[in-house]
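The structure appears right after this line, and notes come after that.
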Amino acid sequence: MRDHGNFFDFLEVIRRAESGEVMKEADFDKKLGKKVLSLMKQYEIRYDPKCVIPTDDGLADRVYQAAVDLFLDLGVYCTDTQRLIHFTREELQWALENAPQEVRYGREKEIVSVYPRKVEDRRDPVCFFSAVGTPVTEEMFLPVARSYAQEPLADTFSGPLITSYKGILVTSGSPIEVEAAIWNTQMLREAARQAGRPDIGIHNFQSTGEKTDATIASAQEKFGAFPGDGLLVAAIAEMKVDFERLKKVAFLRQSPYVLGALYGPLMGGYAGGPEGTTIALVAHHFLGLLVFSAERHNSFPIHIHHVCNTTRDMLWLISMVGQALARNTNLIIASNAFMASGPCTDMVIDELCAQSITSTVSGWHLNPSAVAKNRHPMRCSGMEPRIHAEVGHRVAQTGLTRKEANRIVLKLVEGYEKRIPEAPIGQVFNECYQMDKIRPTDEYESLFAKKKKEWKELGFEVI
């Protein structure tokens, strides 16, 4: 169980959610948009499409200061009370100074320690292998989850989700949601056992159940949720929370599970373009720290039109947020990769490479990966996070600089960016994996080998 003394008083958060300034949600959204625009001008934050991985430390620091100003001025909006939760500069500074410096997942020989990374850090990033909630059939859940758990570079894993259980549609708040949530947790632990890794940490052991009662019902050791596993609590875009999320926090604060916060701002939404969304995403980390008592932080910024984060502007955003946080805080942060294309395509491999290089060199840990815009059922496999993780490890081990990383990533982006609007959705799991062995097909393995040869010609070698 975590030390509550290292986190802001959660009861005070609830008090402020009940007593803060009243504001209509639409007015809050407008205020956010106006404020980020003002901060962009004040701090001279400009996106450069020719430099997706900036080397300007001053720019990263200005992004950070702009995010602090946004958070302190705007606050956090509670949709249930229509009130603002505000914090002082002193409270934010105290929370940052007392943020966890380590979290641990797993048991016995599978324990992994997660630490704050720095820009151009030569330590290997921790890799949280995840299907990111891709919908799969009940019959395919176990083999899909196993394909993630069995990967050697998977430090932790989590699974897909099911939309129906025993032929009944899983709807939010229904009794079947509780049944499905329990089954979800059981099957993830069974996947770990079948992969020969029964003690591996499951960083998010529940993705099928949305409501808090379903989450709590599934959080039992007899179902396979052990101390050293974790759950993610997602903020509402942008800078909002509700009672459902705060109820999960109330439970998780008293639990043995690692409490992670999840942020998915929409680039092109309320915060505007890449500059404004960059400021907003950094500010979300303050929300997670103060409101959610988050021990670690996971980000999946998304392009509002392309539903991925591998476009040129999204990679700039990811790099700037990582650098801003890595230079100015000791928060434990992970970058969640969202690809436009699907499994077993040459495009997805290049997207994975570009996203991983950008994230790793900019100070993030890695949480790969959502593919095929995370929209198409059955299109996910353990091969995609394998590619992402191998690239990330290689970036750290070779000491790739931001300048060199930018050159390589720009070449990759130039090769696929025109295809993003109509990106190929690729193959479903049982087409790109050998089902009897739960291994990638020869076609998929050969495609990756081919891509590695192409990358070597760019000056980036993945062994």
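The values are calculated or read from the model by the stated rules, or taken from the named source; none is laboratory data. Given the structure is predicted, the values throughout are model-derived calculations rather than measurements. Counting neighbours? That spans all protein chains shown, and the Cβs are built from the backbone with ideal geometry, glycine included.
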| query | residue 343 fails exactly one of the following numbered conditions: (1) more than 16 Å from the chain's Cα centre (by Cα); (2) surrounded by fewer than 24 Cβ atoms within 10 Å (Cβ to Cβ). What is the number of that condition? | reply | (2)
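A quick yes/no check of all residues on (1) over 27 Å from residue 390 (Cβ atoms); (2) surrounded by fewer than 16 Cβ atoms within 10 Å (Cβ to Cβ); (3) not β-branched (Val, Ile, Thr):
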position: 148; (1), (2), (3): no, no, yes
position: 153; (1), (2), (3): no, no, yes
position: 157; (1), (2), (3): no, no, yes
position: 167; (1), (2), (3): yes, yes, yes
position: 170; (1), (2), (3): yes, no, no
position: 181; (1), (2), (3): yes, no, yes
position: 191; (1), (2), (3): no, no, yes
position: 196; (1), (2), (3): no, yes, yes
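Can you tell me which residue within the stretch 69-99, out of those that are of a type in the set (Val, Ile, Thr) and surrounded by 19 or more Cβ atoms within 10 Å (Cβ to Cβ), is nearest to residue 8 (Cα to Cα)?
Among them, the one singled out is 85.
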| message | Just to verify a result, which residue in the stretch 358-378, among those that are out of contact with any Lys or Arg (no Cβ under 9 Å at 6 or more places or on another chain) and buried (at least 24 other Cβ atoms within 10 Å of the Cβ), is farthest from residue 116 (Cα to Cα)? | response | 370
| task | Take the stretch 414-463 and flag every residue that is over 29 Å from residue 396 (Cβ atoms) and of a type in the set (Asp, Glu). | result | 422, 431, 436, 442, 443
| Only one of 129, 87 is assigned by TED's automatic domain parsing to the domain that holds residue 209, not in a helix (DSSP H, G or I) and not polar (S, T, N, Q); which? | 129
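Conditions (1) touching a Leu at 6+ places or on another chain (Cβ under 8 Å); (2) touching a residue at least 40 places away in the same chain (Cβ under 8 Å), marked per residue:
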| site | (1), (2) |
| --- | --- |
| 42 | no, no |
| 55 | no, yes |
| 81 | no, yes |
| 85 | no, yes |
| 95 | yes, yes |
| 107 | no, yes |
| Any idea which of (1) surrounded by 22 or more Cβ atoms within 10 Å (Cβ to Cβ); (2) aliphatic (A, V, I, L, M); (3) at pLDDT below 95 is the one residue 354 doesn't satisfy? | (3)
| message | Show the residue pairs meeting these rules: Cβ distance below 6 Å; 6+ apart or different chains; first residue within the stretch 177-203 and not assigned by TED's automatic domain parsing to the domain that holds residue 436; second residue surrounded by fewer than 19 Cβ atoms within 10 Å (Cβ to Cβ). | response | none
| message | Quick check on my filter: what residues within the stretch 10-32 are in a helix (DSSP H, G or I) and surrounded by 16 or more Cβ atoms within 10 Å (Cβ to Cβ)? | response | 10, 13, 14, 16, 17, 28, 29, 31, 32
| message | Given the condition crowded, with 24+ Cβ neighbours inside 10 Å, β-branched (Val, Ile, Thr) and at pLDDT 95 or above, answer yes or no: does some residue in the stretch 430-448 qualify? | response | no
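Of everything in the stretch 397-418, what is of a type in the set (D, E, K, R) and under 24 Å from the mean Cα position of the chain (by Cα)? Give them in sequence order.
Within the stretch 397-418, the first condition is being of a type in the set (D, E, K, R), and the residues that meet it are 402-404, 407, 411, 414, 417-418.
402, 417, listed by residue number.
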| remark: Note on residue 311: of the conditions (1) in contact with a strand residue (DSSP E or B) (Cβ under 8 Å, 6 or more places away or on another chain); (2) touching a residue at least 60 places away in the same chain (Cβ under 8 Å); (3) farther than 24 Å from residue 401 by Cα, unmet is (3)
| query | Within the stretch 110-118, is there a residue that is among the small types (Gly, Ala, Ser), assigned by TED's automatic domain parsing to the domain that holds residue 352 and part of a helix (DSSP H, G or I)? | reply | no
| task | State whether the residues of the stretch 40-61 include one that is buried (at least 17 other Cβ atoms within 10 Å of the Cβ), in a helix (DSSP H, G or I), modelled with pLDDT of 95 or more and among the basic types (Lys, Arg). | result | no
| query | If you take the residues in the stretch 243-295 that are aromatic (Phe, Trp, Tyr) and over 19 Å from the mean Cα position of the chain (by Cα), which one is surrounded by the fewest Cβ atoms within 10 Å (Cβ to Cβ)? | reply | 243
| Check on residue 152, farther than 22 Å from residue 366 by Cβ and either out of contact with any strand residue (DSSP E or B) (no Cβ under 8 Å at 6 or more places or on another chain) or assigned by TED's automatic domain parsing to the domain that holds residue 259 (or both) | no
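Take residue 349 and tell me if it is of a type in the set (Val, Ile, Thr) and in contact with a helix residue (DSSP H, G or I) (Cβ under 7 Å, 6 or more places away or on another chain).
Numbers: of a type in the set (Val, Ile, Thr): yes; in contact with a helix residue (DSSP H, G or I) (Cβ under 7 Å, 6 or more places away or on another chain): yes.
For residue 349, the condition - of a type in the set (Val, Ile, Thr) and in contact with a helix residue (DSSP H, G or I) (Cβ under 7 Å, 6 or more places away or on another chain) - is met.
Going by the structure shown, is residue 122 part of a loop (DSSP other than H, G, I, E, B) and either among the basic types (Lys, Arg) or surrounded by 17 or more Cβ atoms within 10 Å (Cβ to Cβ) (or both)?
Against the criterion (part of a loop (DSSP other than H, G, I, E, B) and either among the basic types (Lys, Arg) or surrounded by 17 or more Cβ atoms within 10 Å (Cβ to Cβ) (or both)), residue 122 qualifies.
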